[in-house]
Structure formats: C-alpha cells, structure tokens
Amino acid sequence: MDYAIEVLNLTKKFRKVKKIPTEAGFGDAHWIIALGLKLKFLKAQEIVAVDDVNLKVEKGELFGLLGPNGAGKTTLIKCLSTLLIPDGGTAIINGYDVLKEPDRVKRCINLVGSGHWIGFDWGLTVRENLEFFANLYGLKPSLARERIDEVLKVVDLKDKEKEVPTRISSGMRQRMIIAKGFLIRTPIFFMDEPTVGLDPVSARDIRGYIKDKLSGELSETIVLTTHYMQEAEQLCDRVAIMDKGKIVACGSCQELKDMIGKRDVIEIETVNIGDKLIDEIGKMDLVENVASHIDDEVTSTGTVRVHTDDAESVLPMVLQSIEKNGGKVLHVSASQPTLEDVFMKLTGRGLVE
Amino acid sequence: MSKQGFEVKKADWKTVLWAVWANFRKAIMGWTFFLPNFIMDLAGIIVNIGIFYFLATFTASAMGPHLARYGGNYAAYIVLGIAFNAYLGASLNSFYNSYCMGYWGCAFELYATSPVGIKAFMAGSILFDYFISTISVLFYILFGVSVFSIGIGKGSDFGVALLAMLLGMAAVIGIGLIAASTFTLLNAKQWSNPVTWFVNFLVGLVSGVYFPLDVLPEWARTIGYLLPQTYAYDAARIALLSGASITNPLIVKDLSELILFSFVTIPAGVFFFKRSLRKAEKDGTLSRWS
C-alpha cells in the first residue's frame, strides 16, 4: 500500500504554564514578570496533547480527524506540518521524515487553519493578499491570476476582492484563509477546522470544492480536522476519532458505526437539559451511554441521545426523569447510529457537550 | 514517492528577495499610514537635535578639555553620537522587534510553512528599521552641519567612519540576535527584553554617546570598554572630526577591538537564536495562537 502519511508513535507534551496577559502594558518592566513566569514554568505540570499516535493515510484519501475541542487534533496537524517538533515518535509525509527533512516536507504540504493564526495584511485588499501568497509560493503571475479568480468564486468573495480584511466580516475572513489554501496545489493538504464560523451555504460550497475538485479531480491527500460529525460523514473516506490525545477508533464511517452493533439509539429533543438530568439518566440500569448537546442556550433546548439494549423498558423511565427535572419533551425518535454515538460508546461522553 | 510536478518549488533568490522587499514595503506603508504619528516621528528627530544642541552649548566649557581628540566641538560630538547611536540601536533592537512583529502579527507560522521561511519576513522588517535609522541620521547630519555648523566635511575621513560603523553594526548584531532569542528562551514577549534593556541603559551612560568617557570615573569607563559601541563611536568621531586615517593608532585599536567583538558576539548570537527557534518549534510558540 502506498501511504501519503505515516504517523509512528507520535507523542507531543506541553507544560501547563500561566499565560502572560497579552497587551497588558507592563512596559519595560515586562521582562521581569516574564522571568518570574519562567521560574514558575520550570515547576509546571505536563500535559500530553498527542499520546503515542499511530496512523496511516493512503495517497489520495480524504481523511478526517474527529474529536471534541482539546482532543489534540490541531497539535497533531501542527506536528505533521513541521510547525511543532514532537517529543516522541515521528511522521513520514510523502516519503519524507518530519524530523529529518522538514524543508522537503514543507514543499509537499499545504495548511489551512481556522481563526486568527494565519497573518493576513490588513493594509492589502483581499485580492492583493492572495496575490502576495501566490508570489510567496512562486506561482507565475498568469497562473496566480487565474487561480485567484477561481478560488474567489468558490469562497464567494468575488464582490469583496477590493476590500481590506478589516472591512469584511469574520466569516468572510475565514473564507479568505480558505481561499489562500486553495491557491496552492500540493500532494498533501491539511485543513484544521476549515468550516468553523462559516454560514451553512458557504460551508456547503467549500465542502463541495474539497470533495469534488481537490480530492476528486486533483487526487490530493486531504487530512481534515473537525468536530462536526456531519462534515466528517459527508466528506471523509475514513475517520480517526481522537480523544485526550489518543486515536480511539479509525475506519470508514460505516465501519465505525458498525461498532455500535444492534444497540438501540433513542434521540429525545427536550427543553431544560441540565447536568442533573444527564447524571440521572446515566445511572439507570439499562442505559449504556447518554450524551446531550444544547442547541439553544437560553432555554437549554437540545437533544439527549441514549444508548440501550432495551429501548422499550428504558424510554418510559427517561421520559419520567425529564418531566421530574422540569423538562418538556418535544420529540422522541429511534435514531440511526452516528459518529457521535461511536464517540459516546468509546469515551462515555458526547462529542459536543 | 511524491507526484511529479506537484511539489511547491524551493524558493529561488528572486522569490526570497521579493519577500524581503514586500515586507519592507509593508512596514513603510504601516509607518506612513497614520499621518500624525509619521509627522511626530520626524518632528521628534528635530526636537532631539535642538535639545542636545542647547545642552551642548551650556556644558561646552566643562566638556572642552575632554574633547581634544574629537576636535573640541561638543555640539558636533553629541550630534554625531546620536546619529551613530541610531544605527547601532537598530542593530541592537531590530531583531527582537522583528521577532515580536512576526509572533504578535501571526506571520511566523505562515512564513514557516512557506518556501521562503521566517528569515525573509524578519529581513524585511529589519531592513525597515535601518531605513528609519538612515532617515534619522541624515536629518541629524543635515541639521548639525547646516543649522549648528558642526565641522564635518573638510579633512573628514568618511571611509574610516563608515568602516567603524559597519564593524560596530556587525558586533552589535550579535548582541541583537541574543536579545531576539530571549523572546522564546526567557519568554520575554511583551516588546521589551533584558538584553536590549540592559545594553541600551549602559550605552546611554558609559559608551560615550552623550559625553566623552574621560569625564567618567574609572569603574564606569571599564564598563564602557566592554561595549562594542564605545569603540565604534570613538573611531567614527575621530575620523570625522579630527580627520584621522585608517593608519592612526587610535583607529587601528578601535577597529581591532570591534573585529574581536564580532568574533565573539556573532557566533553567540547565531547559537542562541537557533536555539530559541528550535524551542519555539518544540513549545508551539511560533504563533500566539498555539
């Protein structure tokens, strides 16, 4: 088998250290405080962000890393893209070792992250920023122009190309980050939560481009981190579920869902979901796992998912418990297993809590 | 194993130079974008010259006996001191400032994964610091010569002065690299660090920027001799104000000291700076969003 990525016992640890207050205005005395924190740092505790991870991604595969916030997905991506040096193990990217040949690895990969950490220039327009990146990667001007036109259409920023980043919305800035990633063609493309903060229509268009153009037409190997299970199910050939730095399961979406077996999954939409209710349901004899996620923070309305081998006996008890805790059931259904159910089975917790 | 014609090409010198230029241009755009600040920066240079000129006028008689080797004119002495200090100050501070800009502006991760690397980003912003220093120096010299009639011109050895400044810059760049490394090694991230703070403090007091070393007590002079700036200022002033040539024993001594300093500070600076980058890659602190 020809692998694009092989992760071999990769481990990354961080020391937990008190954050320096940003822009706090300590002036010239700041370094004294910094030295103080440095001493504190020496005694700080260690956190294992990526814990002995082994993984193989085939060439041309669209691979998902699914897990809750803090699972270690971004840290793993940063190690694979040479931005972070692992503490143990290594990874082979397109045949090159990230520890021994980081410069070669950099030339095979492309990286798109979410949020602020890709530094755009606020003085340049959207188009000028993209031209800047195209130049940085040595794209010929005619190709750059053509590519920029194409990606601006994909991310729906054509009518904003003459605006500076400070004058467009945060969602548009996120689309600009994605556009920058789509400019460059490399064998391997890492995408860290690319659709976070996007409206549903933009997210759908971008997923379509990833699936059809980058993966389908160009056969790029894509590793995409997400905590949206629908995104993983819709896009990925295979998914690795991460929790607390470890890969807890890996396979195609169907293979992962088959892990649930013939267990019943009950989905109850209700108001007033609280920790007490979830604890109470979790302690019921026939309930294997329970998780919830809130859709409306004001009314605590959301969905409770219950795994059980005996839905007939459990359902009345759960409904009674909801009523007792001041809830109001809006809808009850027997659900098909999802990747969230797999995560619940493996970790005893919901993907989004 | 990689697909043919699919990799990003290794950056050629044209791309690297373009990236340096683009960052330099961006820094200039940022500097001139806020007009009031831009005007205040320029006005500050003129105000500084005025203040030091009047200070020089009042203290000229007291300083006179100590200025024999520099032509005896305290106004000329002080204007040149400030001008030279602008260049050596840029050499000392620009690496750390550039590192701060890369980190706080979230540019390092972007450049680190690009073919040109973070050095292209840093080179652009460092070049900008030297550009600003050049403007300051031109103002200082122009005002010094035209308004305050300082005696530069006839008999001045500009070549030796330039050599002294270049050697001084080389020696101080090594210290500047050590200063930049404190960003990660000592976690000094808030636009100030112990190395430049301490060196700038000493330079102001004992390197001869504002007054000749002769007026200082013995112990203070000894500290001054531990700074490369002391030798650079001394040689450049002697060359410009007394017309001393490269064969003058005072110049030979100063330039030799600067070469020795460079042999120590540059390797040390490169060593610490590489260590700090390695640490940033280990800690995940190339970016403020780690």
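Bear in mind these aren't lab numbers, they're just calculated from the coordinates by the rules spelled out. Note that the structure is a prediction, hence the values are computed from the model and not measured. When we count neighbours, we look across all protein chains shown, and the Cβ atoms used for this are built from the backbone with ideal geometry, even at glycine.
Taken across the stretch A:97-110, residues that are part of a strand (DSSP E or B) and surrounded by fewer than 21 Cβ atoms within 10 Å (Cβ to Cβ) do occur, with at least one present.
Listed by first and then second residue, the pairs with beta-carbon distance under 6 Å, at least 6 apart or on different chains, first residue in the stretch A:285-307 and hydrophobic (A, V, I, L, M, F, W, C), second surrounded by fewer than 17 Cβ atoms within 10 Å (Cβ to Cβ), are A:L286/A:D310; A:L286/A:S313; A:V290/A:G282.
For (1) assigned to a helix (DSSP H, G or I); (2) surrounded by fewer than 19 Cβ atoms within 10 Å (Cβ to Cβ); (3) of a type outside the set (G, A, S), each residue gets a yes or a no:
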site	(1), (2), (3)
B:A56	yes, no, no
B:A62	yes, yes, no
B:Y77	yes, no, yes
B:G81	yes, no, no
B:A86	yes, no, no
B:A90	yes, no, no
B:S98	yes, no, no
B:Y103	yes, no, yes
B:E109	yes, no, yes
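Taken over the stretch B:136-152, the criterion of being in contact (Cβ under 8 Å) with a residue 60 or more places away in the chain and assigned to a helix (DSSP H, G or I) is satisfied by B:S136, B:F139, B:Y140, B:I141, B:F143, B:G144.
For the stretch B:211-219, check the following and say yes or no: at least one residue is farther than 18 Å from B:F84 by Cα, surrounded by fewer than 19 Cβ atoms within 10 Å (Cβ to Cβ) and under 15 Å from the mean Cα position of the chain (by Cα).
no
In the stretch B:39-54, which residue that is buried (at least 16 other Cβ atoms within 10 Å of the Cβ) and of a type in the set (A, V, I, L, M, F, W, C) is nearest to B:I132 (Cα to Cα)? Step by step, filter the stretch B:39-54, then rank; the result is B:I45.
Scanning the stretch A:124-149 for residues that are of a type outside the set (A, V, I, L, M, F, W, C) and either in contact (Cβ under 8 Å) with a residue 12 or more places away in the chain or under 25 Å from B:G124 (Cβ atoms) (or both) gives A:T125, A:R127, A:E128, A:N129, A:E131, A:N135, A:Y137, A:G138, A:K140, A:P141, A:R145, A:R147.
Might you check whether a residue that is of a type outside the set (D, E), buried (at least 17 other Cβ atoms within 10 Å of the Cβ) and under 18 Å from B:C106 (Cβ atoms) occurs anywhere in the stretch A:158-165?
Yes, the stretch A:158-165 contains at least one residue that is of a type outside the set (D, E), buried (at least 17 other Cβ atoms within 10 Å of the Cβ) and under 18 Å from B:C106 (Cβ atoms).
When we screen B:Y103, B:Y99, B:Y111 for residues that are within 14 Å of chain A (Cβ to nearest Cβ), farther than 24 Å from B:V195 by Cα and among the hydroxyl-bearing types (S, T, Y), the only hit is B:Y111. Are there any pairs with C-beta distances below 6 angstrom linking a residue in the stretch B:237-250 that is closer than 19 Å to B:A76 by Cα to a residue that is in a helix (DSSP H, G or I) and among the β-branched types (V, I, T), with the two at least 6 apart or on different chains, and if so which? Pairs that qualify, where the first residue is closer than 19 Å to B:A76 by Cα and the partner is in a helix (DSSP H, G or I) and among the β-branched types (V, I, T), are B:A239/B:V160; B:A244/B:I238; B:A244/B:I251. The helices (runs of 4 or more DSSP H) found entirely in the stretch B:189-283 that carry 1 or more residues being within 14 Å of chain A (Cβ to nearest Cβ) are B:194-206, B:249-283.
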